[in-house]
Amino acid sequence: DLKFLNKINLKICLDTSHFLLSCNYYKLNPDKIFFKNIKIYDHFHLSDAKGIDGEGIMIGTGGLFKTKLFKFIMRQKVKTVVLETWQGHINGGTGFKKDVKRLYSNINNYFYNIIDICINKFIYLVINLLKMIKLNFFFK
């Protein structure tokens, strides 16, 4: 319950796909709900959705790009934003590559550096993950 999370100031990761599906199901305005509860979102999983059960679709083919919350998330420089592509790793990362291209082609000049920020965060996360699982031969 968002009221309770706000009351105890518990920070959460917002999955935009599930968030949009929920708003569609309950016939709520996603931007209104998002900005009303903005202080509890600390991390974002960026993915798209359509209708009440259309998750796992390519980014930009649902309702995400039409929202103000998308623009807000894409401006983030401090909070973690992870592109979550449904089965994006299959076939050499084809789905992930398509989502990155869709993001890049749909971001106007105001957001020109967002892809670089996302890629840098992704590389940072991968390096730290490799360090955590002790693949030391990469870091000699």
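Label-to-label distance, MET58 versus ASP42, with points set 7 angstrom from Cα along the beta-carbon direction: 3.5 nm. Rounded, prolate or oblate: which one fits the range 1-72, using the alpha carbon gyration tensor with axes a ≥ b ≥ c (rounded when a/c is under 1.5, else prolate when a/b beats b/c, else oblate)? The shape class here is prolate. Between ILE90 and ASN29, the modelled labels are 3.8 nm apart [label points 7 Å from Cα along Cα→Cβ]. Full extension of the chain between PHE4 and LYS101 gives 31.1 nm of extra length, using 0.36 nm per residue less the Cα-Cα distance.
Here's the picture: charge each Lys and Arg Cβ at +1 and each Asp and Glu Cβ at -1 in the range 10-106, and of HIS89, ASN106, LEU46 the one pushed furthest to the positive end of that dipole is ASN106.
Bear in mind these aren't lab numbers, they're just calculated from the coordinates by the rules spelled out. Fair warning: this is a prediction, and the values are worked out from it, not measured in the lab. When we count neighbours, we look across all protein chains shown, and the Cβ atoms used for this are built from the backbone with ideal geometry, even at glycine.
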